[in-house]
């Protein structure tokens with residue numbers, strides 16, 4: 001049985017693409033089962049309810065040597081703790097290639113598109129497997145979520161085509177209205193504790209050159225995409241305290257939390273300490289004030305934050 | 001302009017798949033050009049002549065930041081010396097995933113099939129790009145070469161299907177006769193110097209755990225696939241002397257040279273010193289005599305030699 005899962009702190013793509021890929025493999029004769037590596041965010045339950053499916057089971061432990069398929073991630077820092085003991089036979093992803101290695105030839109399908117689900121739709125079409133309503137709804141939702149309904153600079157023509165193809169099968173007549181309902185669900189944060197908010201869409205990235213250990217840095221970068229940034233920024237003090245705890249717990253060099261205004265496509269990033277302030281000034285030319293840095297239209301962690309930080313922390317030769 | 005190339009010490013797949021992929025990309029609107037990273041072996045000129053195409057140009061240098069596509073390899077030890085300075089945007093490969101990383105999301109297409117060309121045929125068919133005679137001939141030849149016309153344990157049903165699909169387009173009526181002619185060309189080694197024979201199909205593999213530098217080993221493994229093993233084994237003394245030079249030049253922990261009898265599907269491996277002898281005894285249960293170890297039917301470096309060595313050199317925990 002192949003265990004299929006997305007990254008820790010799962011977003012909608014990490015959950016729905018694990019479900020869709022496991023189902024596709026099963027239909028192709030490969031025994032596969034979807035799992036999740038953490039609690040759902042506020043958007044995903046809305047999506048699962050609309051699609052009429054249950055959340056995948058939480059993965060607690062996998063025996064060494066188990067066969068796994070990674071979805072929407074490939075770096076060990078974003079996966080199960082004992083990834084190096086597992087046998088990765090398949091990966092479907094749209095991120096940069098990190099520290100993954102395999103001991104046997106794997107099936108890898110990476111494309112520089114906005115969402116894993118866009119690649120999954122291609123896999124269905126290439127294999128001549130008809131897309132059913134539930135899967136169409138899950139893939140459509142993932143693409144709208146990852147691309148912020150085409151607002152993100154990660155959006156590609158393939159993502160737009162995929163949505164156009166999926167919407168009628170998914171029986172979503174008004175895609176913009178559906179996307180706004182998703183974003184509203186995501187923004188309905190209620191009295192969620194600050195630690196949970198920070199960890200909801202949070203990834204740890206290694207920077208520097210592994211061959212020069214003295215250059216290595218580990219940064220945690222959280223993103224809160226919301227239609228109601230005022231609410232989140234109103235809890236700045238609590239969130240900064242949570243960032244301070246996470247930095248100590250995870251042994252990080254720095255922590256950033258970007259509050260992304262989905263509808264206005266802007267990013268205001270919380271600045272924990274002088275370390276983060278220096279990096280935001282030097283890498284992004286930002287001018288932090290009152291523990292807040294205006295990063296303008298840089299709303300994509302993957303395409304706009306991480307590459308800049310990677311270049312900033314790269315050893316000068 | 002995207003530079004497309006296969007591994008150093010190129011075999012037929014590394015050369016022909018670079019040509020075919022560069023042409024496919026060009027037909028899809030991506031400016032691309034095929035290169036080679038070394039001299040042709042004795043089989044490839046036969047294949048190129050039959051297909052009526054020139055060998056790709058030798059790649060001498062690429063400026064830092066150049067965009068490249070890797071074909072039939074992904075490990076830095078088998079690629080251009082300055083790979084870490086280049087931007088890898090695409091990889092098509094059927095080997096295990098090694099030390100490759102990228103700073104942007106790449107296009108990766110890895111499948112555990114017998115030959116890169118088998119994947120390239122899928123790319124044509126998925127994109128609805130008709131396969132032309134020349135490309136069909138190149139892909140067919142690469143698959144027959146890599147799988148030793150289905151004799152190798154690396155062969156998959158996809159490789160067989162690809163050959164069945166390609167043969168009529170390539171206008172190869174008798175596939176077995178064509179494969180034997182290829183193998184005969186490959187085996188016509190004439191008075192090639194022993195150093196050249198050793199390096200013709202030769203790859204360097206890192207073993208051990210990068211996180212535990214004291215466990216790291218670098219081994220060079222050459223393979224000579226031939227229909228005339230007696231000729232090669234008759235030059236054992238010269239070849240052992242060449243192996244000794246390569247071990248010193250490349251700073252290796254060990255060197256192996258497997259002489260694979262294509263038609264009888266057997267492997268006799270030259271044993272340089274007590275280091276190699278110990279490993280062959282302990283990892284493969286072989287009983288080397290007179291600097292020669294009978295490895296029986298283990299004719300695939302990728303599927304039968306390297307995984308065993310990897311397990312042997314893995315740190316015990």
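The values are calculated or read from the model by the stated rules, or taken from the named source; none is laboratory data. Source: prediction; values computed, not measured. Positions of Cβ are backbone-derived with ideal geometry, glycine not excepted, and every protein chain shown enters the neighbour counts.
Per-structure values
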{"item": "Test set (1) modelled with pLDDT of 95 or more; (2) farther than 25 Å from residue B:78 by Cα - residue B:240 fails condition number", "result": "(2)"}
{"item": "Verdict on residue A:47 being surrounded by fewer than 21 Cβ atoms within 10 Å (Cβ to Cβ), touching a helix residue (DSSP H, G or I) at 6+ places or on another chain (Cβ under 7 Å) and in contact (Cβ under 8 Å) with a residue 60 or more places away in the chain", "result": "no"}
{"item": "Any hit, segment B:46-53, residues being part of a loop (DSSP other than H, G, I, E, B), at pLDDT 95 or above, away from chain A (no Cβ under 14 Å) and on the phi > 0 side of the Ramachandran plot", "result": "yes"}
{"item": "The one condition in (1) within 14 Å of another protein chain (Cβ to nearest Cβ); (2) in a helix (DSSP H, G or I) that residue B:135 fails to fulfil", "result": "(1)"}
{"item": "In segment B:97-121, the residues that are surrounded by 24 or more Cβ atoms within 10 Å (Cβ to Cβ), facing another protein chain (nearest Cβ under 7 Å) and part of a loop (DSSP other than H, G, I, E, B)", "result": "B:106"}
{"item": "Boolean, residue B:90 is more than 18 Å from the chain's Cα centre (by Cα), farther than 24 Å from residue B:202 by Cα and part of a strand (DSSP E or B)", "result": "no"}
{"item": "Single residue of A:196, A:192, A:275 found to be more than 30 Å from residue A:163 (Cα to Cα) and in contact with a strand residue (DSSP E or B) (Cβ under 8 Å, 6 or more places away or on another chain)", "result": "A:275"}
{"item": "Single residue of segment A:196-225 satisfying the filter (closer than 22 Å to residue A:294 by Cα and not in a strand (DSSP E or B)) that is nearest to the other protein chains (Cβ to nearest Cβ)", "result": "A:201"}
{"item": "Conditions (1) crowded, with 22+ Cβ neighbours inside 10 Å; (2) within 27 Å of residue A:314 (Cα to Cα): number failed by residue A:186", "result": "(2)"}
{"item": "In segment A:146-183, the residues that are in a loop (DSSP other than H, G, I, E, B) and either surrounded by fewer than 13 Cβ atoms within 10 Å (Cβ to Cβ) or touching a helix residue (DSSP H, G or I) at 6+ places or on another chain (Cβ under 6 Å) (or both)", "result": "A:147, A:149, A:153, A:154, A:171, A:172, A:173, A:174"}
{"item": "Residue check for residue B:62: in a loop (DSSP other than H, G, I, E, B) and under 21 Å from residue B:181 (Cβ atoms)", "result": "no"}
{"item": "Filter result for residue A:140 (more than 9 Å from chain B (Cβ to nearest Cβ), over 17 Å from the mean Cα position of the chain (by Cα) and crowded, with 22+ Cβ neighbours inside 10 Å)", "result": "no"}
{"item": "Test result for residue B:206, surrounded by fewer than 19 Cβ atoms within 10 Å (Cβ to Cβ), touching a strand residue (DSSP E or B) at 6+ places or on another chain (Cβ under 8 Å) and closer than 24 Å to residue B:245 by Cα", "result": "yes"}
{"item": "Helices (runs of 4 or more DSSP H) contained in segment A:232-317 and holding at least 3 residues within 14 Å of another protein chain (Cβ to nearest Cβ)", "result": "A:306-313"}
{"item": "Residue among A:310, A:276, A:282 that alone is buried (at least 17 other Cβ atoms within 10 Å of the Cβ) and at pLDDT 95 or above", "result": "A:276"}
{"item": "Top-ranked residue in segment B:58-96 [being away from chain A (no Cβ under 14 Å) and free of Cβ contacts under 8 Å to residues at least 24 places away in the same chain; ranked as nearest to residue B:38 (Cα to Cα)]", "result": "B:58"}
{"item": "Filter result for residue B:153 (modelled with pLDDT under 95, more than 16 Å from residue B:44 (Cβ to Cβ) and either more than 10 Å from chain A (Cβ to nearest Cβ) or within 16 Å of the chain's Cα centre (by Cα) (or both))", "result": "yes"}
